[in-house]
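Report on the following structure.
The values are calculated or read from the model by the stated rules, or taken from the named source; none is laboratory data. A quick note: this is a predicted structure, and the numbers were derived from the prediction, not measured. A quick note on method: Cβ atoms are made from the backbone with ideal geometry, for glycine too, and the neighbour counts reach across all protein chains shown.
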Amino acid sequence: MDKVAQCKGQKFQENGKAYTGIGGAGRLTSKAIKRIQGHYGGAIRKNCHSVEAMRKSIWSIFHHRGGRHDLCGDWCKKDNKNVLPQFVLDEIEPIFQDLSSDALVSKCTHGGTQNTNESFHNLIWNRCPKNIFVGRQRLEIAVLDAAVVFNDGELGRCDIFKKLNLSCGKHMVSGLQKLDSKRIKKSAARSNADKKVQRQRQQHTQNNTTDETYEAGAF
Ligand SMILES: [Zn+2]
């Protein structure tokens, strides 16, 4: 987050303790920032049907960091001991205001489930192409892996690894993070392209309506 860099030299006081900057131990660690970014991605992906649900989900991440878990989704383990100090929360609150703003949130929703289903299906067919016959086990693994990535991003695989008592190395984590940010960039670009097509379609419909009215008047 740029905010951490912005506040680098700033002095803060909390419970009689002095802090410089909002990043680092006891404040925003880089791990916490990555988690927040991951949860934000999840809030966007899981709620593309509704502006209100997306906004709620984004704010739940903020409240989660402040130790309030009543709005948290299933990503919350409720054992987050690293509650951020109030001065850090105050500094990052405007970021959440931006992230949950109407302008941004409505850009991320597409009012239906069609695109969501399509992108989920794409994740499956990327894992086992339709034109190659695969056995049931491989198909099942593909669907489950697609669901993990769809819901929690590529980094979601780390949780699966942990459950299998396998450790994720830092190269794996950074590789998965790269894939996640690539995917987010790609879908943002696609959403902009969709908007353009939508505008063109609207324009087209408007033109046609005008023509029809004109025709109707001719009779
Ligand atoms: Zn929580």
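With the structure loaded, tell me whether residue 50 is more than 9 Å from the chain's Cα centre (by Cα) and near the ligand (Cβ under 8 Å from one of its atoms) or whether it fails that test. No: the conditions fail for residue 50. Highlighted here are the helices (runs of 4 or more DSSP H) found entirely within the stretch 133-219 that include at least 2 residues which are modelled with pLDDT of 90 or more and more than 17 Å from residue 123 (Cα to Cα): 156-163, 170-218.
Quickly run through the stretch 62-89 and pick out the residues that are loosely packed, with under 15 Cβ neighbours inside 10 Å and away from the ligand (no atom under 14 Å from the Cβ). The answer is 86, and nothing else. Cβ-Cβ distances below 7 Å connect no pair with a first residue in the stretch 70-93 that is on the phi > 0 side of the Ramachandran plot, a second residue that is more than 10 Å from the ligand (Cβ to nearest atom) and at pLDDT below 85, and a separation of six or more residues or different chains. When the stretch 1-55 is filtered for residues that are under 28 Å from residue 191 (Cβ atoms) and basic (Lys, Arg), the ones remaining, listed by number, are 3, 34, 35, 45, 46, 55.
Does at least one position in the stretch 54-61 carry a residue that is crowded, with 18+ Cβ neighbours inside 10 Å and either on the phi > 0 side of the Ramachandran plot or more than 14 Å from the ligand (Cβ to nearest atom) (or both)? Yes, the conditions are met somewhere in the stretch 54-61.
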